[in-house]
Structure formats: structure tokens, C-alpha cells
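Chemist: Let me begin by handing over the structure; questions about it come next.
Only the coordinates and a few stated rules stand behind these numbers; no lab work does. All values derive from a computational prediction rather than experimental measurement. Heads up, the Cβs are rebuilt from the backbone with ideal geometry, glycines too, and the neighbour counts pull from every protein chain shown.
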Amino acid sequence: MAIASVYGATGAGEATTPSSRRVLVGARPPPRRISFHIKSPSEWASISLPPEPRRVVPAAATAEERVEEEAEEGPTWVELEPIGSEQQLDRALAEAQQLGVPIVLLWMASWCRKCIYLKPKLEKLAAEYYPRIQFYCVDVNAVSQKLVNRAGVTKMPSIQLWSDSQKQTEVIGGHKSWLVIDDVRRMIDQKE
């Protein structure tokens, strides 16, 4: 017969009965098991946001009137168009100059946390100025160093306002994103 501890484990794997148990002096109890409640990925990804304010459309309004009202409101966000080469930047600048509108460039990097937090806020800002101003983003790791030097980018995120194919002014976003958005809004309003 194998010697068993108070906890019922035997050396030979035999089942223990109360009569076959012996108390071992100085034996350590087995480690406690700790269980963690693990959430499923779908629970982690759920975010609840407060509902956006809704405009009341009179019930008597026709479908055409409702569509016109929604069209007047404009988009809630505009995706920043990526620029991946010097030729794309030159094309965007030429189009903007032809239309007589300035463009805003976000210089960012995929590894930059502040850039990642700032981009969706700039997309909302782009919706406010749509279509008067075009917004673009440039990943500094995906373009040539020559293009980065041409723009004079030294820190990220950098938000630049370009007009007539020339950089007019810039905001360097090293602080809280809502403050950066305010600075960008002031920068745009001063140049308009």
C-alpha cells in the first residue's frame, strides 16, 4: 500500500478510502487552483455609445423631401484618402489648385499611437469641411524619404495645410487629440 496524504493522493494511483489514509508530517497541500473568467472576443469588442441626436422629420413629408433633408446634412465622417507616392501628392495638389481649394495632409506612422487616435477625429473634421477642403493622409513609412523631406516633416503626427501647391502652415499633434483638432480647425479657419 502506498502512503497517501490527507488530500487523498496515492503514489500508485489507487483509490483511497478513509481507512487507507495516513497523515504525512510536513507534507504541503496541493496548490490552489485559480480560475479566471475569460470573456469571449465578442464581449470585448462590444462598445455602447450614446445615441446620436435625431432630427424629427414631419410624418407628412414626402420621401423626396426626406432625401433632400438628409443630403443637405452632409456626411458624418469622410475617410482620409491615402497618398503613397510623390506622384500622388503632385496629382492631389494639382487637382486642388485647379478647383481652388486647399488640402490638409496628415503625416502619420502606423506605429504612432497618437497618430492612430487622431485619424478618426480628423475624419470627422473632414466631414465638417466637405467638399470645401480635401483631407489626405500619408504614412511616412510607406513613402520615400524624399517626399517626407519635401514636406518638412520632422515630428508625427503633423497636420499641414497646403494651398497653391505650397505648404502654408502646420500643426504638430504631440498633445491631446481634441486640442489638436481645435488647433487644426483654427488653422483652417484662418486660411479660408
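Chemist: Using 18 Å as the Cα-Cα cut-off, could you pick out the over-long pairs in LYS167/LYS191; LYS119/LYS191; LYS124/LYS176? Display every interim value, and only then the final one.
Modeler: Details: LYS167/LYS191 12 Å; LYS119/LYS191 22 Å; LYS124/LYS176 16 Å.
Check vs 18 Å cut-off fails for LYS119/LYS191.
Chemist: Rg (Å, one decimal) plus Dmax (Å, integer) for the alpha carbons of segment 96-192?
Modeler: Both quantities, over Cα of segment 96-192: 12.5, 35 Å.
Chemist: Place a +1 charge on the Cβ of each Lys and Arg in segment 151-192 and a -1 charge on the Cβ of each Asp and Glu, then give the dipole magnitude about the Cα centre in debye, rounded to the nearest 20.
Modeler: Numbers: 6 positive and 6 negative charges, 32 e Å.
Magnitude of the dipole: close to 160 debye.
Chemist: Under 5 Å between amide H atoms, partner at least 5 residues away or on a different chain: which partners does CYS137 have, H built in plane at 1.01 Å?
Modeler: Sorted by chain and number, the residues that satisfy this are GLU81, ILE83, LEU106.
Chemist: Under 5 Å between amide H atoms, partner at least 5 residues away or on a different chain: which partners does VAL143 have, H built in plane at 1.01 Å?
Modeler: Those qualifying (amide H under 5 Å, at least 5 residues apart or on another chain) number zero.
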